[in-house]
1. Going by Cα centres, the stretch B:34-82 and the stretch A:52-67 are how many Å apart?
2. Could you work out which residue, out of B:GLN100, B:GLN42, B:GLN16, moves most in a Gaussian network model of chain B, that is, has the largest mean-square fluctuation with Cα springs under 10 Å?
3. Once the mean 1/r over all distinct Cα pairs of chain B is inverted, what Kirkwood radius in angstroms do you read off?
4. Dimensions of the stretch A:39-88 along principal axes (Cα, Å, largest first)?
5. Taking amide H positions as placed in the peptide plane 1.01 Å from N, state which residues far from A:SER87 in sequence (5 or more) or on other chains have amide H under 5 Å from it.
6. Determine the dipole magnitude for the stretch A:8-102: charges of +1 sit on the beta-carbon of Lys and Arg, -1 on that of Asp and Glu, nothing else is charged, the reference point is the Cα centre, and the result goes in debye to the nearest 20.
7. For B:ASP67, B:ASP11, B:ASP31, give me the order by solvent-accessible area with a 1.4 Å probe, most accessible first, ignoring ligands, DNA and RNA.
8. Over the Cα atoms of chain A, each weighted equally, I'd like the Debye log10 I(q)/I(0) at q = 0.15 Å⁻¹, rounded to two decimals.
Amino acid sequence: NAGVMQNPRHLVRRRGQEARLRCSPMKGHSHVYWYRQLPEEGLKFMVYLQKENIIDESGMPKERFSAEFPKEGPSILRIQQVVRGDSAAYFCASSEIEREEQYFGPGTRLTVT
Amino acid sequence: LAKTTQPISMDSYEGQEVNITCSHNNIATNDYITWYQQFPSQGPRFIIQGYKTKVTNEVASLFIPADRKSSTLSLPRVSLSDTAVYYCLVVPTDSWGKLQFGAGTQVVVTP
(Lines give C-alpha, C1' and ligand atoms only; values in the text may rest on other atoms or scores of the structure.)
Protein backbone atom coordinates (compact mmCIF):
# COMPACT_ATOMS: atom_id res chain seq x y z
CA ASN A 1 0.00 0.00 0.00
CA ALA A 2 1.69 3.14 -1.19
CA GLY A 3 1.92 5.98 1.25
CA VAL A 4 0.85 9.56 0.76
CA MET A 5 2.40 10.91 -2.41
CA GLN A 6 3.20 14.50 -3.12
CA ASN A 7 4.54 16.12 -6.24
CA PRO A 8 6.59 17.85 -7.14
CA ARG A 9 9.07 17.33 -4.32
CA HIS A 10 10.78 20.60 -5.13
CA LEU A 11 9.25 23.58 -6.87
CA VAL A 12 10.88 26.86 -7.78
CA ARG A 13 8.74 29.80 -8.75
CA ARG A 14 9.45 33.45 -9.40
CA ARG A 15 7.51 36.11 -7.57
CA GLY A 16 4.09 36.57 -9.12
CA GLN A 17 3.83 33.09 -10.62
CA GLU A 18 1.41 30.39 -9.56
CA ALA A 19 2.34 27.27 -7.63
CA ARG A 20 0.32 24.05 -7.77
CA LEU A 21 1.07 21.34 -5.24
CA ARG A 22 -0.45 17.89 -5.60
CA CYS A 23 -1.27 15.28 -3.01
CA SER A 24 -2.49 11.74 -3.52
CA PRO A 25 -3.76 10.26 -0.24
CA MET A 26 -3.21 6.71 0.86
CA LYS A 27 -5.54 4.18 -0.70
CA GLY A 28 -8.84 4.13 1.12
CA HIS A 29 -8.30 7.50 2.78
CA SER A 30 -10.89 10.16 2.07
CA HIS A 31 -9.63 12.89 4.41
CA VAL A 32 -6.79 15.17 3.35
CA TYR A 33 -4.95 17.83 5.35
CA TRP A 34 -2.43 20.44 4.28
CA TYR A 35 0.25 21.91 6.55
CA ARG A 36 2.99 24.44 6.01
CA GLN A 37 6.38 24.39 7.70
CA LEU A 38 8.59 27.44 7.66
CA PRO A 39 12.32 26.98 8.26
CA GLU A 40 13.13 26.09 11.88
CA GLU A 41 9.45 26.03 12.84
CA GLY A 42 6.78 23.43 13.51
CA LEU A 43 4.04 22.57 11.08
CA LYS A 44 1.05 24.88 10.84
CA PHE A 45 -2.35 23.59 9.87
CA MET A 46 -3.81 25.10 6.72
CA VAL A 47 -6.87 23.20 5.53
CA TYR A 48 -8.82 19.97 5.98
CA LEU A 49 -10.75 18.50 3.06
CA GLN A 50 -12.91 15.55 2.25
CA LYS A 51 -13.89 14.58 -1.26
CA GLU A 52 -15.41 17.68 -2.90
CA ASN A 53 -15.76 19.44 0.47
CA ILE A 54 -13.69 21.85 2.51
CA ILE A 55 -14.23 20.95 6.16
CA ASP A 56 -11.92 23.43 7.91
CA GLU A 57 -9.90 26.15 6.21
CA SER A 58 -9.18 28.21 9.30
CA GLY A 59 -5.42 28.05 8.70
CA MET A 60 -5.49 29.22 5.11
CA PRO A 61 -4.42 32.76 4.29
CA LYS A 62 -7.45 34.68 3.10
CA GLU A 63 -5.93 35.67 -0.22
CA ARG A 64 -4.00 33.84 -2.96
CA PHE A 65 -4.37 30.38 -1.39
CA SER A 66 -6.97 27.79 -2.34
CA ALA A 67 -7.36 24.04 -2.00
CA GLU A 68 -9.53 21.39 -3.52
CA PHE A 69 -10.02 17.65 -3.33
CA PRO A 70 -12.10 16.61 -6.34
CA LYS A 71 -14.10 13.44 -6.67
CA GLU A 72 -11.42 12.05 -8.94
CA GLY A 73 -7.73 12.81 -8.78
CA PRO A 74 -5.36 14.29 -6.24
CA SER A 75 -5.88 17.14 -3.85
CA ILE A 76 -4.44 20.42 -5.09
CA LEU A 77 -3.07 23.31 -3.06
CA ARG A 78 -2.86 26.37 -5.26
CA ILE A 79 -0.93 29.51 -4.47
CA GLN A 80 -1.44 32.44 -6.79
CA GLN A 81 1.01 35.30 -7.26
CA VAL A 82 3.60 33.77 -4.97
CA VAL A 83 5.78 35.96 -2.77
CA ARG A 84 9.08 35.18 -1.05
CA GLY A 85 7.28 34.60 2.24
CA ASP A 86 5.51 31.60 0.68
CA SER A 87 8.83 29.72 0.56
CA ALA A 88 8.32 26.76 2.85
CA ALA A 89 7.76 23.02 2.98
CA TYR A 90 4.17 22.06 2.34
CA PHE A 91 3.05 18.74 3.75
CA CYS A 92 -0.05 16.80 2.95
CA ALA A 93 -1.51 14.16 5.24
CA SER A 94 -4.40 11.75 4.92
CA SER A 95 -6.52 9.65 7.23
CA GLU A 96 -9.31 7.12 7.15
CA ILE A 97 -12.83 8.16 7.94
CA GLU A 98 -13.14 8.93 11.66
CA ARG A 99 -9.54 7.92 12.39
CA GLU A 100 -7.28 10.39 14.10
CA GLU A 101 -3.92 9.08 12.94
CA GLN A 102 -2.68 11.15 10.02
CA TYR A 103 -0.16 9.80 7.55
CA PHE A 104 2.10 12.43 6.10
CA GLY A 105 3.66 12.67 2.68
CA PRO A 106 7.28 13.67 2.01
CA GLY A 107 6.38 17.28 1.38
CA THR A 108 6.87 19.79 -1.42
CA ARG A 109 9.57 22.34 -0.90
CA LEU A 110 8.57 25.59 -2.52
CA THR A 111 11.22 28.20 -3.20
CA VAL A 112 10.18 31.62 -4.44
CA THR A 113 12.94 33.62 -6.09
CA LEU B 1 -6.68 24.05 22.22
CA ALA B 2 -4.33 23.24 25.07
CA LYS B 3 -0.86 24.65 24.68
CA THR B 4 2.11 22.30 25.01
CA THR B 5 5.61 23.00 26.33
CA GLN B 6 8.55 20.70 25.74
CA PRO B 7 12.34 21.09 25.84
CA ILE B 8 13.94 22.55 22.76
CA SER B 9 16.64 19.91 22.53
CA MET B 10 18.03 16.81 24.20
CA ASP B 11 21.27 14.92 23.64
CA SER B 12 21.82 11.24 24.26
CA TYR B 13 24.24 8.41 23.55
CA GLU B 14 23.39 5.25 21.71
CA GLY B 15 21.81 2.59 23.88
CA GLN B 16 20.46 5.00 26.47
CA GLU B 17 16.83 5.65 27.29
CA VAL B 18 15.50 9.06 26.31
CA ASN B 19 12.58 10.61 28.16
CA ILE B 20 10.91 13.74 26.80
CA THR B 21 8.42 15.45 29.08
CA CYS B 22 5.68 17.65 27.70
CA SER B 23 3.55 20.02 29.78
CA HIS B 24 -0.08 20.64 28.87
CA ASN B 25 -1.60 22.31 31.91
CA ASN B 26 -4.83 23.31 30.17
CA ILE B 27 -5.67 19.92 28.74
CA ALA B 28 -9.42 19.29 28.48
CA THR B 29 -11.35 16.21 29.47
CA ASN B 30 -11.83 15.01 25.90
CA ASP B 31 -8.27 15.67 24.72
CA TYR B 32 -5.83 12.95 23.73
CA ILE B 33 -2.04 13.22 23.86
CA THR B 34 -0.24 12.33 20.67
CA TRP B 35 3.42 12.24 19.69
CA TYR B 36 4.91 12.53 16.23
CA GLN B 37 8.47 12.11 14.99
CA GLN B 38 10.00 14.05 12.11
CA PHE B 39 13.27 13.36 10.33
CA PRO B 40 14.93 16.06 8.23
CA SER B 41 13.27 16.59 4.86
CA GLN B 42 10.44 14.21 5.69
CA GLY B 43 6.88 14.50 6.90
CA PRO B 44 6.02 13.72 10.52
CA ARG B 45 5.31 10.15 11.51
CA PHE B 46 2.84 9.09 14.21
CA ILE B 47 4.54 7.42 17.18
CA ILE B 48 2.03 6.92 19.94
CA GLN B 49 -1.15 8.23 21.46
CA GLY B 50 -2.75 7.95 24.88
CA TYR B 51 -5.39 9.32 27.21
CA LYS B 52 -4.20 8.27 30.67
CA THR B 53 -1.79 5.98 32.54
CA LYS B 54 0.62 4.13 30.27
CA VAL B 55 0.63 3.15 26.63
CA THR B 56 3.34 1.05 25.01
CA ASN B 57 3.99 -0.01 21.45
CA GLU B 58 6.95 -1.40 19.55
CA VAL B 59 8.54 2.03 19.25
CA ALA B 60 7.95 3.89 22.52
CA SER B 61 6.08 4.20 25.78
CA LEU B 62 3.89 7.07 26.87
CA PHE B 63 3.38 7.85 30.56
CA ILE B 64 0.50 10.09 31.60
CA PRO B 65 -0.05 10.92 35.29
CA ALA B 66 -3.49 11.02 36.82
CA ASP B 67 -3.88 14.79 36.49
CA ARG B 68 -2.92 14.58 32.78
CA LYS B 69 -1.16 17.95 32.96
CA SER B 70 2.00 16.44 31.55
CA SER B 71 3.14 13.39 29.65
CA THR B 72 6.46 11.67 29.06
CA LEU B 73 7.54 9.96 25.88
CA SER B 74 10.10 7.27 26.57
CA LEU B 75 12.37 5.94 23.83
CA PRO B 76 14.19 2.81 25.02
CA ARG B 77 17.77 2.14 23.93
CA VAL B 78 18.02 4.83 21.27
CA SER B 79 20.12 4.44 18.16
CA LEU B 80 21.61 6.99 15.79
CA SER B 81 18.52 6.68 13.61
CA ASP B 82 16.36 8.05 16.42
CA THR B 83 17.88 11.49 15.86
CA ALA B 84 14.83 13.55 14.94
CA VAL B 85 12.40 16.21 16.14
CA TYR B 86 9.68 14.91 18.45
CA TYR B 87 6.39 16.74 18.71
CA CYS B 88 3.90 16.53 21.55
CA LEU B 89 0.33 17.35 20.52
CA VAL B 90 -2.93 17.64 22.40
CA VAL B 91 -5.76 16.54 20.13
CA PRO B 92 -9.42 17.20 20.97
CA THR B 93 -11.72 14.35 20.01
CA ASP B 94 -14.07 16.82 18.35
CA SER B 95 -11.33 18.30 16.20
CA TRP B 96 -9.31 15.41 14.88
CA GLY B 97 -8.47 17.10 11.63
CA LYS B 98 -6.55 20.05 12.97
CA LEU B 99 -3.23 19.02 14.46
CA GLN B 100 -1.38 21.81 16.25
CA PHE B 101 2.38 21.33 16.15
CA GLY B 102 4.70 23.30 18.38
CA ALA B 103 8.43 23.69 17.93
CA GLY B 104 9.14 20.15 19.10
CA THR B 105 12.19 18.67 20.80
CA GLN B 106 15.31 18.05 18.75
CA VAL B 107 16.84 14.79 19.96
CA VAL B 108 20.41 14.13 18.90
CA VAL B 109 21.87 10.68 19.46
CA THR B 110 25.62 10.28 19.24
CA PRO B 111 27.83 7.19 19.29
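1. Rounded to whole Å, the Cα centres lie 31 Å apart.
2. The residue that fluctuates most here is B:GLN42.
3. Values: mean 1/r = 0.0713 Å⁻¹.
Final number for the Kirkwood radius of chain B is 14.0 Å.
4. Principal-axis extents of the stretch A:39-88 (Cα, largest first): 33, 23, 19 Å.
5. Result for A:SER87 returns A:VAL112.
6. Working: 16 positive and 14 negative charges, 126 e Å.
Rounded to the nearest 20 debye, it is 600 debye.
7. On the way: B:ASP67 95, B:ASP11 130, B:ASP31 10 Å².
Putting B:ASP67, B:ASP11, B:ASP31 in descending order of accessible area: B:ASP11, B:ASP67, B:ASP31.
8. -0.58
The values are calculated or read from the model by the stated rules, or taken from the named source; none is laboratory data. What you see is a predicted model, and the numbers here were worked out from it, not measured in a lab. Cβ sites come from the backbone with ideal geometry, for glycine too, and all protein chains shown count toward neighbours. When the accessible area is computed, the model is the full protein with side chains, heavy atoms only, and any ligands, DNA or RNA have been set aside. Shrake-Rupley method; radii C 1.70, N 1.55, O 1.52, S 1.80 Å.
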